[in-house]
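Note sheet for the following structure.
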Amino acid sequence: MTVNITLIVLMAAFFAAGIYLLLERSLTRVLLGLILIGNGANILILAMSGGAGQSPLYVEGRPAEDYTDSLPQALILTAIVITFAVTAFMLGIIYRSWVLGREDAVQDDPEDRRVADQSSYDYEDDADIPADTSEFTAVDAGALGDAEATADIRDTRGADAVGGAASRNGGGAGRPDPTATQKRPGGEPR
């Protein structure tokens, strides 16, 4: 397989010019850069697909290596469609930018400038922590297995409180009474 040097040079020029144009602030130049990069990718696929061969139609007696591979052609066609869709999308963005601001240059966002000028030191993430600052405290080992402490957590309403709450609120027996107090495992009310 021989490589066509003209296609390689053309592809490199398209990629270089496309990347240069992508780095500009003008949306029109960004669009032209995207188009050049898309065309450079198409030329890359074409150059890597190999030399020309016979059409991929079956002819009895012709060896398989004489046929042209049709996959690169399908990839190029797909890349052309994708480049066209991106071009249409970018044209819509450029038009909207022109209607709103009468310019197609991307402006610096003041918030981005402020963030870029800040120090990279973040007190919350970078400060030395002198001690454990966890908000969770150690639990008394005796209270973990205590069945009475677990039983005190349940609703302390009596049978008459449940009936009174159901008749006042229109609810069933399963609804909690908002006037009832619950006790914590230590015995103090909530």
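Side notes on the structure shown:
- Close Cβ contacts (under 6 Å, 6 or more residues apart or on different chains) running from residues in segment 54-79 that are in a helix (DSSP H, G or I) to residues that are hydroxyl-bearing (Ser, Thr, Tyr) comprise Pro72/Ser49.
- Of all positions in segment 137-148, at least one carries a residue that is surrounded by 12 or more Cβ atoms within 10 Å (Cβ to Cβ) and either modelled with pLDDT under 70 or at positive phi (or both).
- When residues of segment 94-131 are limited to those that are within 20 Å of Leu36 (Cβ to Cβ) and modelled with pLDDT under 90, the one surrounded by the most Cβ atoms within 10 Å (Cβ to Cβ): Asp104
The values are calculated or read from the model by the stated rules, or taken from the named source; none is laboratory data. This is a predicted model, so every value here is computed, not measured. Here the Cβ is made from the backbone with ideal geometry for all residues, glycine too, and neighbour counts use every protein chain on show.
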